[in-house]
Amino acid sequence: MDALDSLWTIGENSKPDSTANITFFRNALKEGQSHLVKQFEQDVDIFTLVHQRSHFVDQVLQQLWQHHISPETPVSLLAVGGYGRGELHPFSDIDLLIILDESVSEQPPSGLSDFLTQLWDIGLEIGHSVRTIKECRQQAETDITIATNLLETRLLCGDTSLFSDLQQLTVSHKTWDTRRFYLEKRQEQEQRHLKYNDTANNLEPNIKESPGGLRDIQIISWVARQHFDVNDLQGLKQKGFLSDSEYTTLESALRFLWRIRFALHIQAKRKEEKLMIDHQRELAIQLGYKETESRLAVEVFMKDYYLCARSIGQMNELLLQLFEENIILADEARDITPINSRFQIHNGYLETINSGIFAFYSHAMLELFLILQQHQKIKGVRADTIRQVYAHIHLINKRFRADIKNRSLFMEIIRQPLGITHEFRRMNKYGVLGAYLPEFGQVVGQMQHDLFHIYTVDEHTLFLVRNLRRFSCEEYKDEFPLCSRVYYELPKTELLFIAGLYHDIAKGRGGDHGILGVVDATAFCKRHNLSEFDTSTITFLVRQHLTMSATAQKLDINDPDVIKAFAAKVKTVDRLNYLYLLTVADIRATNNNLWNGWRDSLLRQLYNATRQWLEQSDKAARSTAEKVKQRQKQAHQQLTFQSCSASQVDLIFQEYDNDYFLRHTTNQIVWQTTTRLHSSQEKTLINSRPHDEQEDTLEIFIFTKDKPRLFAATTACLEQLQLNILDAKISGTSHGHTLNTYIVNGPTHEQNIITAKLREQLENLEKIKEYCPVLTPRKMKLFETEVTLHFRANEQKNHTTLELGTHDRPGLLSMVAQVFLQCDIQLSNAKLATLGDQVEDIFFISKNDGQPLSKDEEAQLKQALTENLAH
């Protein structure tokens, strides 16, 4: 900061509130910030820069304080929080505490208000409190946040005796009992972690608050200050709570996070702690990361971040456990319960009999997790035993993995009825899972840079395992009743968990991860002596883990040919059961917003139809004609049971072709027919209801005279209402009418409002209100991709299938509908899927004469869509 020393020479006669001095300090702060940025770009040590920034602000405050507050005034200016530690990033909070002597508490110095005002005038964003020592004590006793802040105070200027009195309060006469302080801080951390799904591996982590972030290091420091009277990590090391290697790990992690935070503030030009996906790209470049053959630079950068967060999480757990043993359990009588010759329970926590156990019995590193599963009352693992795992993890090598004892232990862990979720998570946190399964170790911290996958591959896999486990739990039975029922039909549940572990194991290698994953899964099965039959089940699930989801979302699952083809892949009911459970668990573990009632109903429908097909050996029962006949009969029976006229029902059914009965469920046929029978003679009939009893998803039925522009007008109106269209079915009648069925979700609207808006638009087809979003969401702009279009003619069904892939954006479907209108394209069905930032839509289209498109017509449509969607 020597280059800026000249900025601090202010003339003796200058007035502190003059415009000149405000300008001076503003310029000084700007130059100081610029100087720091240049040093950062020159790779100056980040610890130096953070402390320099704090020292720089100290000088500003001290100079201004001298102008406003006389030295004799019994007032102190203190830095608190991060600033109290002498740590400031470019736009960090500048937290101040002003201590008043009781003699001036009723009438603070007049210059104090001017001082604070001038701090804002020169561009410093400060947070401040004004208290007496007595008020500090009173508030600290009831508010742990204030008590914590008082642990990190630093005198900037003013009355030194007041600061000494405050130190006596916080150091010698603590405001909080140490035991209570520790328990509150631990609970505070647990609640904070839950806000981030208890994982550091989110798509957009908060480098300060997320698990494995800076706050987890600060928690350690706060407890250490409160109980052990040490001010930093070095102090913990000197007290013997941190080994040299552990200290190095934490210091390196802190250095890495500080560099990210410093760069993030510079890039955002404000205080920003969230690693938003658009910032990640720029930070990767700024921090020197390079693209590899299989991974983007940003993916390499984020993997380093997640591994750093994991190492902080490991040290945080280790040290908090150590603190608990020294603070909470220190006064408890020693209670030892032997487990076997290697392990015992010590005051509720599992520990090794002695520190040499893992060296002599390396298999005990797996046995530890099995014991935790089998003894659910054990609270956790003692700190020394956690350290021993880290110290001996190098023993989990090729020889270890080849040992039949270790293979048997791992399979036993997978087969346990309880604890698989918790212990797999613990194994991953300690590094044991990645050491025993090196292929899993490769995906630890591996992120895909898109909006679809919001967790790293390892975290996603562990969430999937949790979801599978919940299917067996009584308390979650009502959440997924079909899954719970199917789970108990599985002959070997361990096959499902193995498939779950391996379904994404080959992510990030390039190529088809399903095919590559089969190689790894096969090798696992061979190592663990699984039968050929079990191996084939696992490899089938790994290879086909996306097939059921793709079939449900992209194909017409009311079409018997689709069910026939899917059943041919699955082959048996057992395989169908495994695949259904894996698919549901996989989707729910990918993205919190991905699972909804619509996807649930699609998968259930596909599961039930396929199971019926596999269990039905009668060829006649599988035929299209028989399906139509059965559905007509079932709908007719339900309608007449509801007192509908049989003859009127027959007249309506005569208007429909077989395709209508195949593409609509019995429930839909009954609802739509009832709507028609009970309606007045409006030109346009519109009805809606919650789809499949899901309140977040709406089914809309439109019956009207068939006209051009109907699809374009309907999609435009629904998108104006900010509704997402998930599915569209369009059928014609022999009397020239059209039946349109839309499944939508999105913002909650009164159904009568949706109906009114649709009716208004459909009665004015010449004036379609195009959807013009005011603002395209920030994330959507980051993932713009080229439009992909694939055509496939289906002569038997008299239509062409169009597969559209592009980046998501507001009003997309309206644009597609307008192109269809311009090119005289008829739509009969649409399967619409948005996967994060990408759209994968399927349209079943034909010419006006009901025939598939010719090659020339496909080319014309492709050109029109590409031109319109490229903008």
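The values are calculated or read from the model by the stated rules, or taken from the named source; none is laboratory data. Being a predicted model, the structure only gives us computed values, none of them experimental. Because the Cβ atoms are built from the backbone with ideal geometry, glycine has one as well, and the counts that use them run over all protein chains shown. Remember, those area values only see protein heavy atoms, side chains included, never the ligands or the DNA or RNA. Shrake-Rupley method; radii C 1.70, N 1.55, O 1.52, S 1.80 Å.
Looking across 582, 602, one residue alone is out of contact with any strand residue (DSSP E or B) (no Cβ under 6 Å at 6 or more places or on another chain), at pLDDT 95 or above and not hydroxyl-bearing (Ser, Thr, Tyr). It is 582. Put simply, of 519, 542 the only residue that is among the aliphatic types (A, V, I, L, M) and over 28 Å from residue 604 (Cβ atoms) is 519. When 266, 277, 260 are screened for being in contact (Cβ under 8 Å) with a residue 40 or more places away in the chain, out of contact with any Leu (no Cβ under 8 Å at 6 or more places or on another chain) and surrounded by 15 or more Cβ atoms within 10 Å (Cβ to Cβ), only 266 passes.
Residue-level analysis places residue 775 among those that are among the aliphatic types (A, V, I, L, M), at pLDDT below 85 and open to solvent by 60 Å² or more (accessible area, probe 1.4 Å). Taking segment 282-312 only, how many residues are farther than 25 Å from residue 247 by Cα, touching a residue at least 24 places away in the same chain (Cβ under 8 Å) and not hydroxyl-bearing (Ser, Thr, Tyr)? Qualifying residue count, segment 282-312: 5. The residues in segment 709-730 that are open to solvent by less than 10 Å² (accessible area, probe 1.4 Å) and in a strand (DSSP E or B) can be counted, and the count is 2. Suppose the filter is touching a Leu at 6+ places or on another chain (Cβ under 9 Å), farther than 15 Å from residue 199 by Cα and of a type outside the set (Ser, Thr, Tyr); does residue 454 pass it? It is false that residue 454 is touching a Leu at 6+ places or on another chain (Cβ under 9 Å), farther than 15 Å from residue 199 by Cα and of a type outside the set (Ser, Thr, Tyr). Among the residues of segment 734-761, those identified as outside any strand (DSSP E or B), in contact with a strand residue (DSSP E or B) (Cβ under 7 Å, 6 or more places away or on another chain) and either among the polar types (S, T, N, Q) or open to solvent by 10 Å² or more (accessible area, probe 1.4 Å) (or both) are 736, 746, 751, 755, 759. Among residues of segment 369-386 that are within 20 Å of residue 355 (Cα to Cα), those with a beta-carbon under 6 Å from a residue that is in a helix (DSSP H, G or I) and of a type in the set (Asp, Glu) at least six positions away or on a different chain give the pairs 369/423; 370/412; 372/423. In summary, helices (runs of 4 or more DSSP H) completely within segment 522-600 and bearing 2 or more residues that are open to solvent by 10 Å² or more (accessible area, probe 1.4 Å) and under 30 Å from residue 689 (Cβ atoms) occur at 547-554, 560-570, 573-590.
Okay, residues lined up against (1) part of a strand (DSSP E or B); (2) more than 27 Å from residue 633 (Cβ to Cβ); (3) charged (D, E, K, R); (4) open to solvent by 30 Å² or more (accessible area, probe 1.4 Å):
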position	(1), (2), (3), (4)
653	no, no, no, no
659	no, no, yes, yes
668	no, no, no, no
704	yes, yes, no, no
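How many of the residues making up segment 319-337 are over 13 Å from residue 182 (Cβ atoms) and either hydrophobic (A, V, I, L, M, F, W, C) or loosely packed, with under 10 Cβ neighbours inside 10 Å (or both)? Total meeting the criteria: 4.
The rows are residues; the columns are (1) more than 31 Å from the chain's Cα centre (by Cα); (2) free of Cβ contacts under 8 Å to residues at least 40 places away in the same chain; (3) within 25 Å of residue 630 (Cβ to Cβ).
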site	(1), (2), (3)
659	yes, no, yes
662	yes, no, yes
671	yes, yes, yes
686	yes, no, no
704	yes, no, no
712	yes, no, no
730	yes, no, yes
743	no, no, yes
752	yes, yes, no
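For segment 357-398, filtering for residues that are farther than 24 Å from residue 418 by Cβ, open to solvent by 20 Å² or more (accessible area, probe 1.4 Å) and of a type outside the set (Ser, Thr, Tyr) leaves 12.
Condition check ((1) at pLDDT 95 or above; (2) in contact with a helix residue (DSSP H, G or I) (Cβ under 8 Å, 6 or more places away or on another chain); (3) farther than 19 Å from residue 307 by Cβ; (4) part of a helix (DSSP H, G or I)) across all residues:
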site: 241; (1), (2), (3), (4): no, yes, yes, no
site: 246; (1), (2), (3), (4): no, yes, no, yes
site: 254; (1), (2), (3), (4): yes, yes, no, yes
site: 258; (1), (2), (3), (4): yes, yes, no, yes
site: 261; (1), (2), (3), (4): yes, yes, no, yes
site: 265; (1), (2), (3), (4): yes, no, yes, yes
site: 278; (1), (2), (3), (4): no, yes, yes, yes
site: 283; (1), (2), (3), (4): yes, yes, no, yes
site: 288; (1), (2), (3), (4): no, no, no, no
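Would you please list the contacts, defined by Cβ atoms under 7 Å and residues six or more apart or on different chains, that run from a residue in segment 417-435 that is in contact (Cβ under 8 Å) with a residue 60 or more places away in the chain to a residue that is among the aliphatic types (A, V, I, L, M) and outside any helix (DSSP H, G or I)? Within 7 Å, the pairs are 432/396.
Only helices (runs of 4 or more DSSP H) whose full extent lies in segment 10-114 are considered here, and the ones with at least 3 residues that are open to solvent by 10 Å² or more (accessible area, probe 1.4 Å) and either modelled with pLDDT of 95 or more or in contact with a Gly (Cβ under 9 Å, 6 or more places away or on another chain) (or both) are 19-41, 46-68. Scanning segment 470-486 for residues that are part of a loop (DSSP other than H, G, I, E, B) and surrounded by fewer than 16 Cβ atoms within 10 Å (Cβ to Cβ) yields 473, 477, 478, 479.
For segment 499-506, the criterion of being in a helix (DSSP H, G or I) and either acidic (Asp, Glu) or farther than 28 Å from residue 613 by Cα (or both) is met by at least one residue. Only one entry in 797, 781 is assigned to a loop (DSSP other than H, G, I, E, B), at pLDDT below 90 and open to solvent by 30 Å² or more (accessible area, probe 1.4 Å), namely 797. Given the condition part of a helix (DSSP H, G or I), at pLDDT 95 or above and either surrounded by 14 or more Cβ atoms within 10 Å (Cβ to Cβ) or touching a Phe, Trp or Tyr at 6+ places or on another chain (Cβ under 6 Å) (or both), answer yes or no: does some residue in segment 341-356 qualify? No - not one qualifying residue is present in segment 341-356.
In the condition set (1) part of a helix (DSSP H, G or I); (2) open to solvent by 10 Å² or more (accessible area, probe 1.4 Å); (3) modelled with pLDDT of 95 or more, residue 489 is compliant with all but (1).
Residue 230 falls short on exactly one of the conditions (1) of a type in the set (A, V, I, L, M, F, W, C); (2) open to solvent by less than 30 Å² (accessible area, probe 1.4 Å); (3) modelled with pLDDT of 90 or more, and that condition is (3). The test for being at pLDDT below 95, open to solvent by 30 Å² or more (accessible area, probe 1.4 Å), more than 19 Å from residue 87 (Cα to Cα) and part of a helix (DSSP H, G or I) holds for residue 117.
With respect to residue 610, determine if the residue is of a type in the set (Ser, Thr, Tyr), buried (at least 19 other Cβ atoms within 10 Å of the Cβ), under 39 Å from the mean Cα position of the chain (by Cα) and modelled with pLDDT under 90. Considered against the rule, which asks whether it is of a type in the set (Ser, Thr, Tyr), buried (at least 19 other Cβ atoms within 10 Å of the Cβ), under 39 Å from the mean Cα position of the chain (by Cα) and modelled with pLDDT under 90, residue 610 comes out as no.
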